Amino acid sequence: MAFPHRFHMSLQAKRGFLPSDVREFSAESVEKLRRAAAEVQFLLDRGYPVKSTTRFVGDHYLFSERQRLALARVVSPDAQIRARLAREVHDISGQTLCIDGFNVIIGMEIAFSDSMLFRGMDGTVRDLAGLHGTYRLIPQTDQAITALLNTLAAEHPAKVVIYLDQPVSNSGRLRQQIFELAGDLPFELEVLIENPVDAILKTMPLIASADAIILDECAAWFNLADAILRRHFPDYPLTDIRPR
């Protein structure tokens, strides 16, 4: 799908958006990215590493760093895709779900900002936002948290544990905001500030994250970001650069 026209309406600062995205993910650019994605997957399937592969293909197409990042986040080797899908859980009722908090909440902040989200080859929802140790609450944060909690309530887990990365700024404020918005929930809720969250989630029986490194090592996972989008944004225009 080409870059949605409504993103042209405003160039104000918002989560997950750069003004250059309008050009770099236009309809024409998306078609070129799809061709490049097929080449990236061909090389990944033959054992080439992601970083050097996206650099090599990106050099050929003269892609920007952001376009290369999109390729790296969307494309995966076929064997990894099959392995992830084999461990995907679709019913979390009565179970304990451990959530990669920043990963999911930032993705939903982007959705409420009308910014760009991608469909990964494994079915996950991914973005191009980078934390790099910094995070601040924005007007869309409350909407993202509320949508997260409402979706979880509809999925009927017994317990939810949201993990936030301790080194990231404002993790304590985000934790407080989650509890302030929680109200009466039909499940037990914990919000933990830990380090390193990735390593912890890899050991949990059931997780929610779009982080490929976590998905490749976890026991089972639930596609929570996709469930939130389907509930709150059923027609969200995900940017699709997956190979045809």
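The values are calculated or read from the model by the stated rules, or taken from the named source; none is laboratory data. Since we're looking at a predicted model, the values are computed, not measured. Cβ: placed from backbone, ideal geometry, glycine included. Neighbour counts: every protein chain shown.
For region 68-106, a residue qualifies if it is aliphatic (A, V, I, L, M) and in contact with a helix residue (DSSP H, G or I) (Cβ under 7 Å, 6 or more places away or on another chain), and the qualifying residues are 70, 71, 72, 74, 75, 92, 99, 104, 105. Against the list (1) among the small types (Gly, Ala, Ser); (2) modelled with pLDDT under 95; (3) surrounded by fewer than 20 Cβ atoms within 10 Å (Cβ to Cβ), the condition residue 154 fails is (2). The listed residues are 194, 190, and the only one of them that is free of Cβ contacts under 8 Å to residues at least 40 places away in the same chain and in contact with a helix residue (DSSP H, G or I) (Cβ under 7 Å, 6 or more places away or on another chain) turns out to be 194.
Which one of 182, 199 is surrounded by fewer than 17 Cβ atoms within 10 Å (Cβ to Cβ), more than 19 Å from residue 93 (Cβ to Cβ), without any contact (Cβ under 8 Å) to a residue 12 or more places away in the chain and not polar (S, T, N, Q)? If you could, list the steps in order and put the result at the bottom.
Details: 182 fails: without any contact (Cβ under 8 Å) to a residue 12 or more places away in the chain.
Criteria check complete, one pass: 199.
Among the conditions (1) of a type outside the set (A, V, I, L, M); (2) more than 20 Å from residue 113 (Cα to Cα); (3) surrounded by fewer than 21 Cβ atoms within 10 Å (Cβ to Cβ); (4) in contact (Cβ under 8 Å) with a residue 24 or more places away in the chain, the only one that residue 240 does not satisfy is (2).
Applying the criterion of being in contact with an Asp or Glu (Cβ under 8 Å, 6 or more places away or on another chain) and more than 14 Å from residue 207 (Cα to Cα) to the residues of region 80-114, the residue that is surrounded by the fewest Cβ atoms within 10 Å (Cβ to Cβ) is 83.
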